[in-house]
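Notes for the one structure printed next.
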Amino acid sequence: MLEDKLLIWKFNSGRREALHNIYEKYKDNLVTLAATLLTDVAVAEDVVHDVFIGFIASADKFRLSGSLKGYLSTCVANGARNRNKAGHIRRHVDIKDIDPPASEANNPATKAMFGEEFGRLTWALEQLPYEQREVMVLRSYCNMKFTAIAAQQNVSIHTAQGRYRYAMDKLRSLMNSEAEK
Amino acid sequence: MTSADNINKTIKKLKLKASADLDKRVHDDISKALVESKKIKPAQAEPNIWRIIMKSRITQLAAAAAVIIIAALMINLQFSTSGVAWGTLVEKIENVQNVVYHLTANVKMQGIPQGQIPNNETIAYYSSEYGTRAENYINDKLSFTMYLNPKENVYVSVMPEQKKYMKVTGKSPDELKQIAEKDDPRVMVRHMMSTEYKQLSRDKINGIDVEGIECTGPGVMGGMFEDATARLWVEIGTDFPVRIEIKGVVSGGQMEMSMVIDDFQWNVELDPALFVPDIPSDYTSQEMKTEANEGTAINGLKLFAELTDGRYPSNLALLTLMKEISEELMKKYGMKIIEKQDEYTSTLTDILQAGTFYAQLTGMEKEAVYYGDTVTAKNPEAVLLRWKVSDNEYRVIFGDLSVGNATAEELANLEQP
């Protein structure tokens, strides 16, 4: 796979064909990130597509710096949040109202997305409020720092850390209760 | 019970594949944008060069050799000097504190289809204050990062693929400064400006109006080629160089090497941290073989003679030498070179030291002359290679690879047919 520094160099030097390589290198990660946030693969792919359209359109106006993966993940997370706000994705349900599936096999949507192995986790993630799910996924999947997540959500670092703790507690609770069935 | 740690680990394992539909949508949009922008060529499906090379393993040695030759040429990038100077440009460049540039090097070899020799690119950061950092990429993959800071006595290359680093020690700051100057584009420009050149007509490079000069002849690259052409293009208005092109041929054009140095960023601000070697703790040290000297040159000639039953390379121009080594290895070992590629690549590197040493002598204008086209190991008294060491003294390597010193008069007698 192409090294990020060379990709960034090529991109900043006006060699826009580097976009093909950038997409190829990160497409699976970005689709996974968006799908985990939005729990809908088709919408997730639209978000990734939109990110690259934006990338192409603004290619002449800005220069990349820092982490390519971090930059793209942030773009995808922003796109996913906008989609979520726009009501494309069903709203979360309060945890007390959740009727967990009897087993992973009864959860076809998440199983279809990530396979049976991850069905329980993705089902549990789906039950979290969007902001908590976002912190959880950006922290655990993207290795993003709390300062960066807080900046992205426009909240204090303490709020971001709090959301992460709540999310983790809920995930554990949901997954353990579902496993006991 | 599911722990937080387990949840984190499972989230990290989540993996979806982008669909073919998304691939098509994104690639089509990128290609369309590229065509519309007309700034670069329409995108084409790039062949996976490395996979082709792996399939055609017979070319591996030549490919490895090409990589080595490019590295050797970059280490010895030198121009001969004489004559005219283009004062204002040189003065302007001398005042530059920081510069970043991009270097592309390609080798074409007869018999090896184009595209089977790896692409070689370097991004170099040069700072008067902090030294040099050069990142070398082979087929877009980081091959090594070289750090050179004469003030801090740092000269180290870090190779992520091999998880190794090579550190040069025992060099004085002045010696390191001389080595650093080989990567300093200001020095390249200075040398070109003081070489005999012809002016080229105005042109455009990436939409920039430029004027250029051209230097030609075997001496342009310090004797590494049978013939070479170097062009320097300078932006009209800013007077900063925007592109340097170097093309060299050997064996009557059977092999050709081209280098392009472009994407210059003059006087750009550079982070000092860029120049601090980053060596992960699990990397191990490896011996550095970049320093060619009399001893390594003799060893290289000896190894070549062992391959050929006493014959020496006909020419020490690096490209010619590489071609002859590859041919001899193939002749002697045939398909075995595939099985023992590492071993033979090492032999090739060692033999190339003779060419690197010769290039250094030529670059320093030491009156180096090589007689490998006529002298073999069966001519122990004949001069194989000689160079000037002082006003009236020459160093001589004889046909039996013994060495000695000779006055100009003695040398004239020795060299008589």
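The values are calculated or read from the model by the stated rules, or taken from the named source; none is laboratory data. What you see is a predicted model; the values in this text were computed from it and never measured. Don't worry about glycine lacking a Cβ; one is built from the backbone with ideal geometry, like all the others, and counts go over all protein chains shown. Ligands, DNA and RNA are excluded from the accessible area calculation, which covers all protein heavy atoms including side chains. Shrake-Rupley method; radii C 1.70, N 1.55, O 1.52, S 1.80 Å.
Figures for the structure shown
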read-out	value
Complete set of residues in the range A:31-43 that are crowded, with 23+ Cβ neighbours inside 10 Å and either at the interface with chain B (Cβ under 8 Å from one of its Cβ atoms) or of a type in the set (S, T, N, Q) (or both)	A:V31, A:T32, A:A35, A:T36
Positions within the range A:145-167 being touching a residue at least 40 places away in the same chain (Cβ under 8 Å) and more than 11 Å from A:E134 (Cα to Cα), in sequence order	A:A148
Restricting the range A:115-136 to residues that are without any contact (Cβ under 8 Å) to a residue 40 or more places away in the chain and within 14 Å of chain B (Cβ to nearest Cβ), the residue that is most open to solvent (accessible area, probe 1.4 Å)	A:E117
Members of the range A:1-24 found to be more than 7 Å from chain B (Cβ to nearest Cβ), more than 24 Å from the chain's Cα centre (by Cα) and either under 14 Å from A:K69 (Cα atoms) or open to solvent by less than 30 Å² (accessible area, probe 1.4 Å) (or both), listed by number	A:F11
Selection from the range B:336-361 of residues that are at pLDDT below 70 and open to solvent by less than 40 Å² (accessible area, probe 1.4 Å)	B:I337, B:I338, B:Y344, B:T345
Residue tally, condition facing chain A (nearest Cβ under 7 Å), part of a helix (DSSP H, G or I) and either more than 17 Å from A:L37 (Cα to Cα) or under 43 Å from the mean Cα position of the chain (by Cα) (or both), over the range B:1-12	2
Any pair with Cβ under 6 angstrom, 6 or more apart, that starts in the range B:400-417 at a residue that is closer than 11 Å to B:W387 by Cα and ends at one that is exposed (fewer than 15 other Cβ atoms within 10 Å of the Cβ) and modelled with pLDDT of 90 or more	B:N405/B:E393
Flag if A:R139 is open to solvent by 40 Å² or more (accessible area, probe 1.4 Å), within 9 Å of chain B (Cβ to nearest Cβ) and part of a helix (DSSP H, G or I)	yes
Pair list, Cβ < 7 Å and 6+ apart or interchain, from the range B:199-218 residues that are over 15 Å from B:F240 (Cα atoms) to residues that are among the hydroxyl-bearing types (S, T, Y) and surrounded by 13 or more Cβ atoms within 10 Å (Cβ to Cβ)	B:E214/B:Y197; B:E214/B:T229; B:C215/B:T195; B:C215/B:Y197; B:T216/B:T229
Qualifying residue in the range A:46-54 (condition: more than 8 Å from every other protein chain (Cβ to nearest Cβ), open to solvent by 20 Å² or more (accessible area, probe 1.4 Å) and at positive phi)	no
Selection count where residues are open to solvent by less than 60 Å² (accessible area, probe 1.4 Å) and part of a helix (DSSP H, G or I), scope the range B:362-417	5
Residue check for A:G79: away from chain B (no Cβ under 14 Å), within 12 Å of the chain's Cα centre (by Cα), modelled with pLDDT of 80 or more and part of a helix (DSSP H, G or I)	no
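Results for (1) farther than 24 Å from B:V187 by Cβ; (2) of a type in the set (A, V, I, L, M); (3) part of a loop (DSSP other than H, G, I, E, B); (4) open to solvent by less than 10 Å² (accessible area, probe 1.4 Å), shown as yes or no for each residue.
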{"site": "B:I244", "(1), (2), (3), (4)": "no, yes, no, yes"}
{"site": "B:S258", "(1), (2), (3), (4)": "no, no, no, no"}
{"site": "B:A273", "(1), (2), (3), (4)": "yes, yes, no, no"}
{"site": "B:A305", "(1), (2), (3), (4)": "yes, yes, no, no"}
